[in-house]
Amino acid sequence: MLKVLRNGRTQFVVVEPGQPLPGDSMWLDLIAPSREEEHAVEAMLGLALPTREEMAEIEVSSRLYTEEGGLFLTASLVVGAETDMPSLEPVTFVLAGDRLVTIRYIEPKAFAAYAVQIERQATCPANGALALTGLLEAIVDRAADVLEKASAEVDAQSRAAFSQPRGGQFSILLGRLGRVQSLTSKVRSSLASLSRLSGFASLNAPFAGTPALTEHLTTLGHDINSLSDHATFVGSEITFLLDASLGLISVEQNQIFKVLAVFSAVLMPPTLIAGVYGMNFAHMPELAWRGGYPFALALMAAAMVAPLLWFKRKGWF
């Protein structure tokens, strides 16, 4: 799909395959584009757009570069933050003159939020560079929202971890912490790519020659660094909670084994006594004794009570 935002307009229009591109296109948004749509945009810009495989390259030189007057910037964005399987997907931004081209195979919420913002404010960005800074700001805001929810989830799981009843479902808690940890690490990776992107963009035209845009990118970089620090803090909190949860599980298991050990020690002496008097040898002194049975029972009871009192005195239970 190819959506276009024209100069002075506040709503995107969809350009069907085969239709000519408007000459006043300011932002061309390629969403899982076909080869025909890519060719049409390349012909308008006079630039070769990166393929999906090239967008997925992890080398900085493959993600941030200038070519034939165009500025190519690729960042990794988090998608599926509300699901159990969040992922990182590349999105490419191309600045060619006053035009912005975005290439993506996902539907980040930041794109929709920024489009709504343009429509609500009834103000179209004057050029592609301004559209890019506004879009990056929306992406960073979205990352902040995801981190805020992750932090709230960590706080909730922290309270749950230290208020778990005996025999609590720690497996559920560990699963939730693992999901938040995965999401936080992906947000941190996304912020790292955005930080490199903003730093590289600020050194190249049109940002380098426009103080207002450079200052905007610098402020955005500070916000990204602050969020990265917060993501690191949330990650350390999750690590602590994971260790604490495993420690609590170990303590609970030790308590269970301690109870089993106490019962084993308590039942051992009466078992020994019952074994001795259950041998049924022909010549046993107590076999003909009338009081032998109650004596054996009393001896077994005393053998049970004595270790119980000793364990109680030691504070084992």
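Observations, loosely collected:
- If you bin all the Cα-Cα distances of segment 252-314 at 5 Å, starting from zero, the percentages per bin are 4, 16, 21, 19, 13, 10, 8, 5, 3, 1.
- Nearest-ten-degree value, helix 170-202 long axis tilted from longest Cα axis of the chain: 30 degrees
- Mean silhouette area of segment 44-92, derived from the convex hull of its C-alpha atoms and averaged over all directions, reads 4.1 nm².
- In a DSSP loop and with at most 16 other Cβ atoms within 10 Å, the GluC sites (Glu not before Pro) in segment 38-96 are Glu57, Glu59, Glu68, Glu82.
- Tyr293, Tyr65 arranged by Cβ crowding within 10 Å, fewest neighbours leading: Tyr293, Tyr65
- In order along segment 70-84, phi translates into HN-Hα couplings of x, 9, 10, 10, 10, 10, 9, 10, 7, 10, x, 5, 8, 9, 7 Hz, rounded to whole numbers, per the Karplus curve 6.51 cos²θ - 1.76 cosθ + 1.60 with θ = phi - 60° and x for Gly and Pro.
- Evaluated at q = 0.10 Å⁻¹, the base-10 log of the normalised Debye intensity for segment 2-251, with identical point scatterers placed on the Cα atoms, takes the values -0.54.
- Counting beta carbons within 10 Å around each of Ile172, Ile106 and listing the fewest first gives the order Ile172, Ile106.
- Averaging 1/r over every pair of different alpha carbons in segment 177-317 and inverting the result gives a Kirkwood radius of 22.0 Å.
- Excluding same-chain neighbours fewer than eight residues apart, the lysines reachable from Lys186 by a Cα-Cα span under 25 Å are Lys109, Lys149.
- Simple Cβ-charge dipole of segment 94-193, Lys/Arg +1 and Asp/Glu -1, about Cα centre, in debye nearest 20: 440 debye
- Förster radius 41 Å - calculated FRET efficiency between Ala43 and Ala152 (Cβ-Cβ, nearest 0.05): 0.30
- By the Cα gyration tensor, segment 188-242 has an equivalent ellipsoid whose semi-axes, rounded to whole angstrom, run 30, 10, 4 from largest to smallest.
- Net charge dipole, segment 51-136: roughly 340 debye, given to the nearest 20, about the Cα centre with Cβ charges of +1 for Lys and Arg and -1 for Asp and Glu.
Computed from the coordinates by the stated procedures, all read-outs in this text should not be read as laboratory data. Please read all numbers here as calculations on a predicted model, not as lab measurements. Because the Cβ atoms are built from the backbone with ideal geometry, glycine has one as well, and the counts that use them run over all protein chains shown.
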